[in-house]
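Following: one structure in structure tokens, then a few remarks.
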Amino acid sequence: MLADITSFAHRKLRRLGRFRARGLPLVATVDLPYSLDAVPLRQDENVLGVYENVTDSLTDALVFTGTRFHVAFGGDWHSCDYADISSVTYAKFTPERIDTLVVVVLANNSTLRFNVAGFDVHEHAARTFDSYQIGDFLECAKSCA
């Protein structure tokens, strides 16, 4: 399973400007300007990368691993195994604006709602956007978990 998740992360996340790769093959690992000690990682959990909603900070960040992802809400971290994802809703957009909200419904019917950095399509001429790529990655991770 880890190989599948790593492959999906490589395809979906590595090109995002706010994603800092940590454990992806063929992608240079970057040094982080912060410690991941606050993230509730399991022993031997392989960090694939960090998506920074705030540049150079874990504030509202997403940490992706080989088995689950972690979302920061203020100073609290919420963790979710990919296998526990029931559904993912993401990337609603109009020609004027892209929605940055990603909603993950878990098997126990609890919900994680978080925003990822998005783009005004007219201002940035974005051909892809982060909320779509992250939502699509979570859908893929759910499928192979």
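Read-outs throughout are calculated quantities, based only on the coordinates presented, and are distinct from any laboratory measurement. All of these numbers come straight from a predicted model, not from anything done at the bench. Cβ atoms come from the backbone with ideal geometry, glycine included; neighbour counts cover every protein chain shown.
What list of ³J(HN,Hα) values in whole Hz, one per residue of region 31-41 in order, does the Karplus curve 6.51 cos²θ - 1.76 cosθ + 1.60 (θ = phi - 60°) give from phi, with Gly and Pro shown as x?
With coefficients 6.51, -1.76 and 1.60, one gets 6, 8, x, 8, 8, 8, 4, 6, 6, x, 7 Hz.
Near P33, within a Cβ-to-Cβ distance under 11 Å, what is the net charge of the other residues, with Lys and Arg +1 and Asp and Glu -1?
Values: positive: R20; negative: D31, E52, D56.
Every neighbour counted, the sum reads -2.
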